[in-house]
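Structure, as structure tokens:
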Amino acid sequence: MPPPLQAQRLLLSHRRLPSPHRRRFTAVSSLPSAPAKTVAAAAAHAPSSILSIRESLLSGERTASEITAEYLSRLRRTEPSVHSFIHVADAAAEREAEELDRRIATEGQDAVGPLAGVLVGVKDNLCTANMPSTGGSRILDGYQPAYDATAVRRLREAGAIVVGKTNLDEFGMGSTTEGSGFQVTTNPWDDSRVPGGSSGGSASAVSARQCVVSLGSDTGGSVRQPASFCGVVGLKPTYGRVSRFGLMAYASSLDVVGCFGSSVVDTATILSVIAGHDKMDSTSSSHDVSDYKSELVPLDLLESKPLNGMRIGIIQETLGEGVETGVISSIKDAASHLEQLGSVVEEVSLPSFSLGLPAYYILASSEASSNLSRYDGIRYGRQVSGDDLNELYGGSRANGLGHEVKMRILMGTYALSAGYYDAYYKRAQQVRTLVKKSFKEALERYDILVSPAAPSAAYKIGEKINDPLAMYAGDIMTVNVNLAGLPALVVPCGFVEGGSAGLPVGLQMIGSPFSEGNLLRIGHIFEQTLQNYSFVPPLLAES
């Protein structure tokens, strides 16, 4: 077996293209995108579910109880095939909706927050005081925290109703949600395929409209890749933009709380609520938080060339070997659409791009080996009795932790061990500096960078579960953004062949630190002007 660094190098499925010069981008579509089946009520562009709910509540057209009943009915109908949730708090959601209706009736419209009546799914590695929080691991089965994570608390304070805890790969370590200790989540576009991971439950729940929006976490692409696979909008904010307090730590220098929505407007609304400094998290930023939704321009007010003067770089290394032809075609079509909106789109080379994947897996595994030491049966986790302390520790961890988690702990411990630290961990940190520098230089020339969110569309359940190197290689598009601490937005941009209605493909937009507002503005324009697509899965059309 090769040593860890050599093994990580085997993951690279992209050659570094030799030409460093930039060239004007011209789209050449090699595979026509397959439009999805639509429901009769589908609009030309994604409507805001949050805005619709608020308007119907405040006008008296619908009550919070009626809205909640609608989503819970859909959840109960689709959950047996999708398995998005580990825990559903349906009774609590109904009670909160009834209380909201009473408050509106007695205190008026001013008594409710901006997310009143909005049902939210929360990834199960974010703590919730009134329901279990397992991190997708059997070692925490039955654990219920005494507090809400800051992001969850802020959603509740804004009036949101937490409908349940969504499934994930154990402690966020995985790319398919097959690594959950409880169940395998399926993709609403094709129930024989994965939803992505590790936030697959959150992405699948929004795609199936089991909830309005959801929270996820992104350590190396765990919001963006599932968003692409499930045909929803996914946002990874700048590191420090959203408090990590109450998020179960995987790799603390990479972990970010992100969000999913069926539209850019909904995603922007959620970010405005959860972003901002938190005294409980020393790494959270005090950078000003905008009302991101108010900065979005509706379709009827857009100029003919709304992106005029904007420079966009398409990362050259993300369109080469190892990327499916259909994905490349969809991304090139999306780039052509951005050009039609007035922007200049050019290919740009990031020479350090291919180095990010092995560096990421060394750094993330090293931090995990430290962070997960707390799950020992004494401080946290289900305890297995033993004759001495070592036997208790060993038994509790052996029985409570899954295969993938154990493997990453071992990899990280090895990389940090005496005699290997300089060869692995230190070198990986040096590569991280190169990745940051490469992005900084590119973003000084371009307003945003774009790439696929994943090298393929959703693949079959079980296809890569026994080939971890192939699964890790799928993170090549996303891990560099975490290493650099940058924000990134994924919006659906097209389809490839597969399933009964095609499989969605996501376009990743990457910006400078704290430029979420600009990403959301561009994403919103792109979303509104994209023609002939409806990202509503066949699961909903059939039901």
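The values are calculated or read from the model by the stated rules, or taken from the named source; none is laboratory data. This one's a predicted model, so the numbers in the text were calculated from it and none came from an experiment. Neighbour counts run over all protein chains shown; Cβ positions are idealised from the backbone, glycine included. With ligands, DNA and RNA removed, areas are computed over all heavy atoms of the protein, side chains included. Shrake-Rupley method; radii C 1.70, N 1.55, O 1.52, S 1.80 Å.
Each residue of the stretch 488-499 was assigned a 3J(HN,Hα) from its phi angle through the Karplus curve 6.51 cos²θ - 1.76 cosθ + 1.60 (θ = phi - 60°); the sequence is 8, 10, 10, 10, x, 10, x, 9, 10, 5, x, x Hz, with glycine and proline shown as x. Among LEU338, LEU410, GLY395, whose Cα lies farthest out toward the positive end of the dipole of the stretch 338-419, if unit charges sit on the beta carbon of Lys, Arg (+1) and Asp, Glu (-1)? Looking along the dipole axis, the top candidate is GLY395.
Once the 1.4 Å probe is applied to the protein heavy atoms, the stretch 138-263 comes out at 16 Å² accessible per residue.
Is the shape of the stretch 413-495 rounded, prolate or oblate, going by the alpha carbon gyration tensor and its root eigenvalues a ≥ b ≥ c, with a/c under 1.5 for rounded and a/b larger than b/c for prolate? Judged from the Cα gyration tensor, the stretch 413-495 comes out oblate (a/c at least 1.5, b/c at or above a/b). Taking 0.36 nm per residue of sequence separation and removing the Cα-Cα distance, the SER73/ARG311 pair yields an extension gain of 81.1 nm.
Across the stretch 138-154, coupling constants 3J(HN,Hα) worked out from phi with the 6.51/-1.76/1.60 Karplus curve, θ = phi - 60°, read 5, 5, 10, 4, x, 6, 10, x, 8, 8, 8, 4, 4, 4, 5, 4, 5 Hz, and Gly and Pro carry x.
Given a 1.4 Å probe and the protein chains as shown, CYS493 ends up with an accessible area of around 10 Å². Label-to-label distance for LEU58 and GLN109 is 0.5 nm, based on points extended 7 Å past Cα in the beta-carbon direction. Modelled spin-label separation between LEU51 and SER286, with each label point placed 7 Å from Cα along the Cα-to-Cβ direction: 3.5 nm.
If you filter the stretch 242-346 for GluC sites (Glu not before Pro), then keep DSSP loop positions with at most 15 other Cβ within 10 Å, what is left? Passing sites in the stretch 242-346 are GLU303, GLU321. Computed per residue of the chain from DSSP H runs no shorter than four, each worth -39500 (n - 2.57), the mean residue ellipticity at 222 nm is -11000 deg cm²/dmol. In terms of its C-alpha gyration tensor, the stretch 182-254 comes out prolate, because a/c is 1.5 or above and the ratio a/b outweighs b/c. Sparsely packed loop sites in the stretch 273-313 (the trypsin sites (Lys or Arg not before Pro) outside DSSP H, G, I, E and B with at most 14 other Cβ atoms within 10 Å) comprise LYS279. All Cα-Cα separations within the stretch 446-543 were binned at 10 Å from zero, giving a P(r) of 13, 38, 33, 15, 0, each value a whole percent of the pairs.
Here the dipole of the stretch 235-292 is about 140 debye; that uses its Cα centre as origin and unit charges on the Cβ of Lys and Arg (positive) and Asp and Glu (negative). As a calculated quantity, the FRET efficiency between SER336 and ARG445 at R0 = 22 Å, using C-beta atoms, amounts to about 0.60. Rounded to the nearest 20, the Cβ-based charge dipole of the stretch 174-294 about its Cα centre (Lys and Arg +1, Asp and Glu -1) stands at 60 debye. Between THR433, ILE328, LEU140, the Cα set farthest toward the positive side of the dipole of the chain (charges on each charged residue's Cβ, about the Cα centre) is that of THR433.
Here the Karplus curve 6.51 cos²θ - 1.76 cosθ + 1.60, taken at θ = phi - 60°, turns the phi angles of the stretch 408-419 into couplings of 6, 4, 5, 4, x, 5, 4, 5, 8, 6, 4, x Hz, with x standing for Gly and Pro. How are the C-alpha pair distances of the chain spread across 20 Å bins, as whole percents from the shortest bin up? So the P(r) values, bin by bin, are 24, 59, 17, 1.
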